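Okay, structure first, notes after.
The values are calculated or read from the model by the stated rules, or taken from the named source; none is laboratory data. Owing to the predicted nature of the structure, the values given are computational and were not obtained by experimental measurement. Cβ sites come from the backbone with ideal geometry, for glycine too, and all protein chains shown count toward neighbours. Heavy atoms of the whole protein, side chains included, go into the accessibility calculation; ligands, DNA and RNA do not. Shrake-Rupley method; radii C 1.70, N 1.55, O 1.52, S 1.80 Å.
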Amino acid sequence: MMMASDGEGLTELCLEDWWWATDHQAVLDSNRESDSEPDVFRITREWLTAYFAGERPGSDQVPPLHPAGTPFQHEVWNLVAEIPYGMTVSYGELAAELAERRGGGRMAAQAVGGAVKRNPVTIIVPCHRVVGSGRAFGGYGGRLDIKAELLELEGVDLARFDLPNL
């Protein structure tokens, strides 16, 4: 995993083969070479250690998050962060919830999907919990096999999805 910080908050957390990782490699590498590590990296590692141990890190354990994005992307990422451990939500359900919070109207699931895809703080902002409608598994910026592993770790029954050959 790679992470980046602005010195106070986590700005990026991704797998090395994430779709945008190569674009940000220099920033991520510069954080690795620093002699003094920001506290946010320690907090992030503790959160990830607990998560991968099958624990459910609480909201009080989440590192400070400072991802760069548009106001719309932040709205979507905040909704994604509310998806409970072990649960999934469709892009359409996220779009409907966002539209309701904005006072009604409609919101395109595709617009929400575009914001989810650009989530720079994976796992902690659990974009892997966002799925397609019906039996569709949806996409994932890392790899679909990793999305499946994360959901299995959380106890999600993958039999309800039409999974591609992973």
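Key figures
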{"read-out": "Some residue of region 75-88 being small (Gly, Ala, Ser), open to solvent by 30 Å² or more (accessible area, probe 1.4 Å) and closer than 25 Å to Met3 by Cα", "value": "yes"}
{"read-out": "Condition check for Gly141: assigned to a loop (DSSP other than H, G, I, E, B), in contact with a helix residue (DSSP H, G or I) (Cβ under 7 Å, 6 or more places away or on another chain) and over 28 Å from Pro164 (Cβ atoms)", "value": "no"}
{"read-out": "Verdict on Glu37 being over 27 Å from Asp157 (Cα atoms), open to solvent by 40 Å² or more (accessible area, probe 1.4 Å) and under 14 Å from the mean Cα position of the chain (by Cα)", "value": "no"}
{"read-out": "Residues within region 43-59 that are surrounded by 14 or more Cβ atoms within 10 Å (Cβ to Cβ) and of a type in the set (Ser, Thr, Tyr), tallied", "value": "2"}
{"read-out": "Verdict on Arg143 being free of Cβ contacts under 8 Å to residues at least 40 places away in the same chain and among the charged types (D, E, K, R)", "value": "no"}
{"read-out": "Residues (of a type outside the set (A, V, I, L, M), at pLDDT 90 or above and either surrounded by 18 or more Cβ atoms within 10 Å (Cβ to Cβ) or more than 19 Å from Met1 (Cα to Cα) (or both)) located in region 136-151", "value": "Phe137, Lys147"}
{"read-out": "Meets criteria (over 29 Å from Met3 (Cβ atoms) and without any contact (Cβ under 8 Å) to a residue 12 or more places away in the chain) for Gly105", "value": "yes"}
{"read-out": "Odd one out for Val131, checked against (1) under 24 Å from Ala4 (Cα atoms); (2) without any contact (Cβ under 8 Å) to a residue 60 or more places away in the chain", "value": "(1)"}
{"read-out": "Complete set of residues in region 152-166 that are more than 16 Å from Phe52 (Cβ to Cβ) and either surrounded by 13 or more Cβ atoms within 10 Å (Cβ to Cβ) or of a type outside the set (Lys, Arg) (or both)", "value": "Asp157, Leu158, Ala159, Phe161, Asp162, Leu163, Pro164, Asn165, Leu166"}
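Each row is one residue, and each column tells you yes or no for (1) under 17 Å from Gln73 (Cβ atoms); (2) open to solvent by 20 Å² or more (accessible area, probe 1.4 Å).
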position: Tyr91; (1), (2): yes, yes
position: Leu94; (1), (2): yes, no
position: Ala99; (1), (2): yes, no
position: Arg102; (1), (2): yes, yes
position: Arg106; (1), (2): no, yes
position: Lys117; (1), (2): yes, yes
position: Val121; (1), (2): yes, no
position: Val130; (1), (2): yes, no
position: Gly134; (1), (2): no, yes
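Matching residues to (1) at pLDDT 95 or above; (2) among the acidic types (Asp, Glu):
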site	(1), (2)
Cys14	no, no
Trp18	no, no
Ala26	no, no
Arg32	no, no
Ser36	no, no
Glu55	no, yes
Gln61	no, no
Pro71	yes, no
Val80	yes, no
